[in-house]
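Values quoted throughout were computed directly from the atomic coordinates according to the rules given, and no laboratory measurement underlies them. Quantities reported herein were computed from a predicted structural model and do not represent experimental measurements. For neighbour counting, all protein chains shown are included, and Cβ atoms are generated from backbone atoms with ideal geometry for every residue, glycine included.
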Amino acid sequence: MTRQSKWIQIDFVKGSRTFSNSFWACVLACGALGSILVGLSSHIGKDLIPLLSSEQIVFIPQGIVMFFYGIAGLFIGSYLGCTVFWNVGSGYNLFDKREGTFSIFRWGFPGRNRCIRIKIPLKNIQAVGLETREGIYPRRILYSRMRGQQSVPLTRVAEDSSLSEMEEKAAEPARSLRVSIESFQGL
């Protein structure tokens, strides 16, 4: 979503709060909990999950491995759930022609550096770039190339946009900043 006036353009960036991240966090947590219960069932000799029999699982080595895989799955599911809850990576890009600055704001993980703010003079923007990689997992990233600095991504890496939508997103800031558009084709 973009808001634009004569002097200011704001591009909102979607964070990690997506349906797929929420779905996988729940699947990981449920699967990990099941593994923990199966590992504990094999240890105590009583089925904690009524539909699954743990008679065939010996505690050492199978039950203990199931238990530790469950613990690891809970950590990964919790991490993914926290990124969804805190909406890590969301924010906006602000092009302010009046002040001559380009500002990037993103939310990170809680702590001292939760708010990530970068302010760059517009004169340092050399080009707007579009990196595309087609295939099974297509990847399209819009970035801003700075003079003498690293490129700054303007969109999420996993954004599901068609090539024509990404070209349109690249054209807006390039047109307003009067810079060229670069295209990079990945493998």
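Quick check: pseudo-label points 7 Å beyond the Cα along Cα→Cβ at Ser5 and Leu163, how many nm apart are they?
Each label point lies 7 Å from its Cα, and together they span 3.8 nm.
Report the net charge of residues surrounding Gln149, where surrounding means a beta-carbon distance below 14 angstrom and charges are Lys +1, Arg +1, Asp -1, Glu -1.
+4
Please say if region 68-187 is rounded, prolate or oblate, where rounded means a/c under 1.5 for a ≥ b ≥ c the square roots of the C-alpha gyration tensor eigenvalues, and otherwise the choice is prolate for a/b larger than b/c and oblate otherwise?
Oblate.
Pop a pseudo-label 7 angstrom from the Cα along the beta-carbon direction at both Ile49 and Tyr92 and give the gap in nm to one decimal.
With each label point 7 Å from Cα toward Cβ, the separation is 4.6 nm.
Kindly point out which whole DSSP H helices in the chain project their C-alpha atoms 18 angstrom or further along the helix axis while averaging a Kyte-Doolittle hydropathy of -0.5 or above.
The answer, listed by residue number, is 19-44, 64-86.
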